[in-house]
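**Student:** Sharing a structure here in structure tokens format.
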Amino acid sequence: METTTSLFLALDLTGVFAFALNGALTALRVTRIDIVGVVTLAMFTALGGGMVRDILLGAVPPATFVDWRYLAVAALGGLVAFVFGRHLQQLSRPILALDAAGLSLFAVTGALKGLDFGMGVVQATILGAVTAVGGGTLRDVLVREVPAVLSSGLYAVPALLGGLLVAGLVEGGLAVLPAALAGAVACFTLRMVGVRFDLHAPVPRSVLRPRP
């Protein structure tokens, strides 16, 4: 049990670092900010979704403020992006893969926490998606961008799939570890397929445009 807990913590912190790194690099691309802004946006990206989830569940203070390692790892990701941002831009594919891994893990852990608080499968799935995409949405709002989850690629859909799969399997009687693995693999695979083939969620064939 202790080994499993340690494994989940290590993966969770890896996801926090990946999200912080990706969030800071995204912020550097779209706006001109100083080191404080970079680290702040990195921390919002990495930890925002989990904080929103915990507040919705009434689990206060949020886990982020209970374990200092989450804040430290998120800040570290922001600092790495600030110092090495120009070089890291050349590693976009590996960083996208890390981001997809973080998305998968947060979708799964968010859904599992929802189940722990007595939520049903649908509610737990939504909480998993909020955990996975909430931080990036907060970041985009802060830099005055349309949230990426609303406008680009397969991002929310893989998170919903991963959360639904793990919640459904656990409620169906499967052990947590294999259920979490199945949900994470499904989310990661769908996200990377979307990146590889530039797939997007369906959009309207036409939209009403305001008159000039």
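The values are calculated or read from the model by the stated rules, or taken from the named source; none is laboratory data. Not measured: the values here are computed from a predicted model. Ideal geometry is used to build each Cβ from the backbone, glycine not excepted, and the neighbour counts take in all protein chains shown. Just the protein is used for accessible areas: all its heavy atoms, side chains included, with ligands, DNA and RNA removed. Shrake-Rupley method; radii C 1.70, N 1.55, O 1.52, S 1.80 Å.
**Student:** If you build the Cα gyration tensor of the range 53-117 and take the root of 5 times each eigenvalue, what three semi-axes come out, in whole angstrom, biggest first?
**Tutor:** 28, 16, 7
**Student:** Heavy atoms only, probe 1.4 Å: what % of the accessible area of the range 1-198 goes to carbon and sulfur, would you let me know?
**Tutor:** On the range 1-198, the fraction of accessible area on carbon and sulfur atoms equals 69 percent.
**Student:** How high is the relative contact order of the range 1-104, in percent, with contacts defined as C-alpha pairs under 8 Å that are six or more residues apart?
**Tutor:** Result for the range 1-104 is 40 percent.
**Student:** At a threshold of 8 angstrom on Cα-Cα distance, excluding pairs fewer than six apart, so keeping six or more, what relative contact order does the range 71-169 reach in percent?
**Tutor:** 28
**Student:** Normalising by the residue count of the chain, find the relative contact order in percent from Cα pairs under 8 Å and 6+ residues apart.
**Tutor:** The value is 21 percent.
**Student:** Charges only on Cβ, +1 for Lys and Arg, -1 for Asp and Glu: so what's the dipole of the chain about the Cα centre, in debye to the nearest 20?
**Tutor:** Rounded to the nearest 20 debye, it is 880 debye.
**Student:** In addition: In Å², and per residue, what accessible area does the chain have when probed at 1.4 Å with the other protein chains present?
**Tutor:** Dividing the accessible area of the chain by its residue count gives 55 Å².
**Student:** Of the options V141, G15, L47, report the single residue whose Cα projects farthest towards the positive end of the charge dipole of the range 1-198 (beta-carbon charges: Lys, Arg +1; Asp, Glu -1).
**Tutor:** Comparing the listed Cα positions along the dipole, V141 ranks first.
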